[in-house]
1. Using just the helices of the chain, give the 222 nm mean residue ellipticity in deg cm²/dmol: DSSP H runs with n ≥ 4 each add -39,500 (n - 2.57), and the total is spread over all residues, rounded to 500.
2. When the chain is fully extended, how far beyond the present Cα-Cα distance does Ser282 get from Tyr449, taking 0.36 nm per residue of separation?
3. Could you list the square roots of 5 times each eigenvalue of the Cα gyration tensor of region 21-141, that is, the equivalent ellipsoid semi-axes, sorted largest first and rounded to whole Å?
4. I want to check the label-to-label distance for Ser210 and Arg14. Put each point 7 Å from Cα in the C-beta direction and report it in nm to one decimal.
5. Can you tally the net charge around His113? Count Lys and Arg as +1, Asp and Glu as -1, for every other residue whose Cβ sits under 9 Å from the Cβ of His113.
6. Can you work out the FRET efficiency for the pair Gln330 and Glu389, with r the C-beta to C-beta distance and R0 = 41 Å, to the nearest 0.05?
7. For Tyr191, Tyr213, Tyr223, what's the fewest-to-most ordering of other Cβ within 10 Å of each Cβ?
8. For a quick check: sort His236, His183 by the number of other beta carbons within 10 angstrom, fewest at the front.
Amino acid sequence: MSIAPDTTVVLGHRFAAELPEIALRWQAEAAPDPRLLVLNEPLAAELGLDPAWLRNADGIGLLVGNRLPADAEPVAQGYAGHQFGGWVPRLGDGRALLLGELVDAGGRTRDLHLKGSGRTPFARGGDGLAAVGPMLREYLISEAMHALGIPTTRSLSVVATGRIVQRETELDGAVLARVASSHLRVGSFQYVSAAGESEVLRRLADHAISRHYPAAAEADNPYLALLDSVIAAQAHLVAQWMLVGFVHGVMNTDNMTISGETIDYGPCAFMDAFDPKTVFSSIDSWGRYAYGNQPSVATWNLARFAEALLGLIDEDQDRAVELATESLQQFSRLYSVAYVAGMRRKLGLSDDVEDAAAQGLCEDLVALLESERVDYTSFFRRLAGGAVEPAFEGWAGRWRELNPDLEAMQRVNPAYIPRNHLVEEALAAASAGDMELFDRLLQVVSSPYDERAGFERYAEPAPEEFGSCYQTFCGT
Ligand code: AMP
Ligand code: MG
């Protein structure tokens, strides 16, 4: 590893220093022929990184982990997790590294993390690598989510490594540079708790409180307050997913953050026709992570988080269970509040409209959307434009009586989401070396509410021939 001459990049190592037990020092594999495919210039600027510098050899070296500041301490993070309900005591960053922390323009600490940077001691049977397609997919969808105002990890860059990755076919390898407020997961707590490391668990919880929920430190029971904060953040997050028709696809406990940011864009996708049973992931044959199951899966995951925290919540196990249970019961209320508030905005309803009326209208709409299988995203845009299908006329009559604000609706209902057929088309071209469709789609979904002439096809549902059996793949 050579040393980057740009001494302005300062990578902190707070996580590694405070939690050495779950931070394994490791280096990225050398990328034989790195080539920058996409760089998020506004995000770079926010992080105090010079986009022009990032485009040169030293900058690209940073983005693949090969040229780091002299005192950088990249680590692979240890975590456990429930995958599709089954307990896996040791997962961890098998193909990822935390390079360190940056302080952004707003003074916030942000993790700089790589995915696809080579095998680590957590790699198990994996090759530690990632292919161009899936890394560009995470880049595109995470940036679309950010533009939709949904808490998420961000994507700074994708660099093709020049290494071949063996999947079903030979693919070009890539490294994604990802930015997050932290990479603490429910699985991080499970890992430490299952190992019986109560002192480390307390340190981990204190670290999480300090980074994400400093107010919890002042509470009578800081660890119960941490649990409550994560429950509230996840209830809000999952409500935002549901409002835009996002299906995460692999809501394992290692893919659920403590910060409340969406993380690990694997087999995720946006639903076209409204159907709560929508599943895209090829490996989710039971529909565990179907669209309509996401709130209950989140509760299940949070129960695993609560279990990991029990020893910190109260010395008396029964009392700890009682307190944690009360906290978990808040999820459905918090979720409903966030969901209904979001639906009110989508329907342009003013605060004068009573909650009961809004809620009834929402429930009836959801039932109609499901029975009519209409395209979820464009329905709200067309509704704001005054167009409804005959089956919705009765419902729309009730809605119009509430004097909806049609202009406000245009500001909250996206015209553009990363539709599956567009994503596939862009990734196929990019994997063949042509980034034009990708760049255009990225540009479109980065301003989702701003409907533009010439981009009509980006607002339309998938053509018939794309079919309803679209599948996404995990572990790619
Ligand atoms: P994910 O499905 O991306 O959340 O990953 C689940 C677990 O599998 C994590 O521990 C990853 O680090 C690990 N993993 C996924 N793909 C690979 C790979 N190609 N090589 C090594 N580890 C991997
Ligand atoms: Mg993961």
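1. Numbers: 18 runs with 203 residues, N = 476.
Helices in the chain give a 222 nm mean residue ellipticity of -13000 deg cm²/dmol.
2. On the way: separation 167, 0.36 × 167 = 60.12 nm, distance 3.09 nm.
Roughly 57.0 nm would be gained on extension.
3. Values: eigenvalues 128, 56, 47 Å².
Ellipsoid half-lengths, sorted descending, are 25, 17, 15 Å.
4. Between Ser210 and Arg14, the label points sit 0.7 nm apart.
5. Working: positive: Lys115, Arg178; negative: Asp93, Asp111.
Cβ neighbours under 9 Å give a net charge of 0.
6. Values: r = 38 Å, r/R0 = 0.92.
With R0 = 41 Å, the Cβ-Cβ based efficiency is 0.60.
7. Values: Tyr191 28, Tyr213 21, Tyr223 24.
Going from least to most buried by this count: Tyr213, Tyr223, Tyr191.
8. Working: His236 19, His183 22.
In increasing order of surrounding Cβ atoms, one gets His236, His183.
Each reported figure results from applying straightforward, stated rules to the coordinates on display, with no laboratory input. A quick note: this is a predicted structure, and the numbers were derived from the prediction, not measured. Reconstructed Cβ throughout: ideal geometry from the backbone, glycine too, with neighbour counts over all protein chains shown.
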